[in-house]
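The block underneath contains the structure these notes are about, expressed in structure tokens.
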Amino acid sequence: MDLELGGKVAIVTGGSKGIGRATAIRLVEEGASVMVCARGKEALDETAALARKSETGRIEAIQADLGKIEDLRRVAARCVEQFGRIDILVNNAGSARPGEFQKLTDDEWLEDWNLKFFGYVRLAREVLPQMQQQRRGVIVNVIGTGGLIPSGGYMIGGSANAALNHFTKALANEGSKHGVRVVGVNPGPILTERLRLFAERGARGRDLNEVLGKMTPLGRVGQPEEVADLIAFLASDRAAFIHGANITIDGGANPGLIG
Ligand SMILES: NC(=O)c1ccc[n+]([C@@H]2O[C@H](COP(=O)([O-])OP(=O)(O)OC[C@H]3O[C@@H](n4cnc5c(N)ncnc54)[C@H](OP(=O)(O)O)[C@@H]3O)[C@@H](O)[C@H]2O)c1
């Protein structure tokens, strides 16, 4: 299936590693021009070099801390400066610490929400006028099944993800007026640096592959490329009728009715 992403312009936040890196590479392979951002330069350069191997689309990398408003404004401005427009925003940079409720401090809650929730809200607000002017655009929020499966040990991330599921639907309602489509993706366990660290900590001497295998009914965790394929599809006009939906990709790990 041709996703017809050739010539489209995308921003992928947290595009230097994991799901963000796989997404940036997939979009470039499909012919898009991609602006990736993250804090660390080395991984950004590595991603850009990998993407350039495809010789189809274009990629530029910019160092930015998405927890800072001025950085996030710089990313949006640079994308327009470099590529002339913004067709796709993939809000992906975010993480939240697990921990015992009574031990987590206000500062820790605020720090994690500042990136995972407000980082998404602020960048969406930043790119919306450009998309409105173009009368088209797609925003894909990479969220997480933690928002659908409440857990006492993952309250900061879980509640931020639940809020982002809501935000995605509410922003879709707003975006409809301006030709802007908004969707969310809820990944379950996906084998990135983050998940590996998390699993290693929980393994306590058990074999890591066994621990990872038990995370889903399919007996394996997902690969970043599998999420990237979903994001590329959702960002394309092939998914033009998918709007305000939060889509789960978790190998069946979420047992609930929603997602
Ligand atoms: N992997 C999973 O199992 C899983 C499950 C559910 C949801 N998710 C969600 O999927 C998204 C991607 O996760 P991942 O596992 O791919 O993460 P990852 O492999 O740890 O990569 C995170 C990316 O975000 C960047 N980043 C982190 N903090 C940043 C900041 N303050 N400003 C800008 N960039 C920042 C990192 O680069 P720097 O550190 O250099 O900035 C890196 O490029 C996250 O929103 C996560 O919550 C993942």
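The numbers here are math on the coordinates, done by the rules we state, and not lab data. Just so it is clear, the structure is predicted and the values come from calculations on it, not from any experiment. A quick note on method: Cβ atoms are made from the backbone with ideal geometry, for glycine too, and the neighbour counts reach across all protein chains shown.
Worth pointing out:
- Considering the range 45-59, and only residues there that are farther than 18 Å from Lys17 by Cα and in contact with an Asp or Glu (Cβ under 9 Å, 6 or more places away or on another chain), the residue that is surrounded by the most Cβ atoms within 10 Å (Cβ to Cβ) turns out to be Gly57.
- Qualifying residues in the range 218-253 (those that are of a type in the set (A, V, I, L, M) and not in a helix (DSSP H, G or I)) - the one farthest from His166 (Cα to Cα): Leu218
- Cβ pairs under 6 Å, 6+ apart, first in the range 233-259 and buried (at least 17 other Cβ atoms within 10 Å of the Cβ), second among the aromatic types (Phe, Trp, Tyr): Ala239/Phe233
- Check on Ala77, surrounded by fewer than 16 Cβ atoms within 10 Å (Cβ to Cβ) and part of a helix (DSSP H, G or I): yes
- Summed over the range 1-55, residues that are near the ligand (Cβ under 9 Å from one of its atoms), over 18 Å from the mean Cα position of the chain (by Cα) and in a loop (DSSP other than H, G, I, E, B) total 0.
- Of the residues making up the range 80-93, those that are of a type in the set (S, T, N, Q) and within 11 Å of the ligand (Cβ to nearest atom) are Asn91, Asn92.
- Hits in the range 56-70 (condition: within 11 Å of the ligand (Cβ to nearest atom) and of a type outside the set (S, T, N, Q)): Ala61, Ile62, Ala64, Asp65, Leu66, Gly67, Lys68
- Residue satisfying all of: in the range 94-132; within 15 Å of the ligand (Cβ to nearest atom) and part of a loop (DSSP other than H, G, I, E, B); surrounded by the fewest Cβ atoms within 10 Å (Cβ to Cβ) among these: Arg97
- The helices (runs of 4 or more DSSP H) found entirely in the range 133-217 that carry 2 or more residues being within 9 Å of the ligand (Cβ to nearest atom) and in contact with a helix residue (DSSP H, G or I) (Cβ under 8 Å, 6 or more places away or on another chain) are 155-175, 193-203.
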